[in-house]
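Enquirer: This is the structure I want to talk about, given as structure tokens.
What follows is calculated from the coordinates using simple rules that are stated; it is not laboratory data. Source: prediction; values computed, not measured. Backbone-built Cβ (ideal geometry, glycine too); neighbour counts: all protein chains shown.
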Amino acid sequence: QVQLVESGGGLVQPGGSLRLSCAASGSIFSINLMGWYRQAPGKQRELVATITSNSTNYADSVKDRFTISRDSAENTVYLQMDSLKPEDTAVYYCHADLTSWGRDVHWGQGTQVTVSS
């Protein structure tokens, strides 16, 4: 059974920084892609950033402010969030496309990020 466990959310003032972490555990054969999505109240879940072994992808709204990185040995993905804005407030979900007993998509439980003065 695969689990994604997130950490690092919280309350931060506008212009501040936070770092999210997500560790994948269980019977994992390979990870094809990991990433972060977010969902604000009353809105649909949206992609924030994804990372593979040789590429990264960002939503336009977070380019040049957020950085996604990955520790493949630890099956962990990070999201460094700088210059945070109130509109970044959302629940952030870790996402992984990986191969365990079969290829499947997994989600974390979500971590709240609130940007407010």
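Enquirer: Mind checking which strands (runs of 3 or more DSSP E) fall wholly inside region 27-117 and carry at least 2 residues that are buried (at least 20 other Cβ atoms within 10 Å of the Cβ)? Please lay out each step first, then the result.
Expert: Details: elements: 30-39, 46-51, 56-58, 66-71, 76-81, 90-99, 103-107, 111-115.
In region 27-117, the matching strands (runs of 3 or more DSSP E) lie at 30-39, 46-51, 66-71, 76-81, 90-99, 111-115.
Enquirer: All but one of (1) under 17 Å from residue 111 (Cα atoms); (2) touching a residue at least 12 places away in the same chain (Cβ under 8 Å); (3) not hydroxyl-bearing (Ser, Thr, Tyr) hold for residue 74; which doesn't?
Expert: Condition not satisfied by residue 74: (1).
Enquirer: Sticking with this structure for a sec: So residue 50 passes all but one of these: (1) within 13 Å of residue 96 (Cα to Cα); (2) over 10 Å from the mean Cα position of the chain (by Cα); (3) not basic (Lys, Arg). Which condition number does it fail?
Expert: (2)
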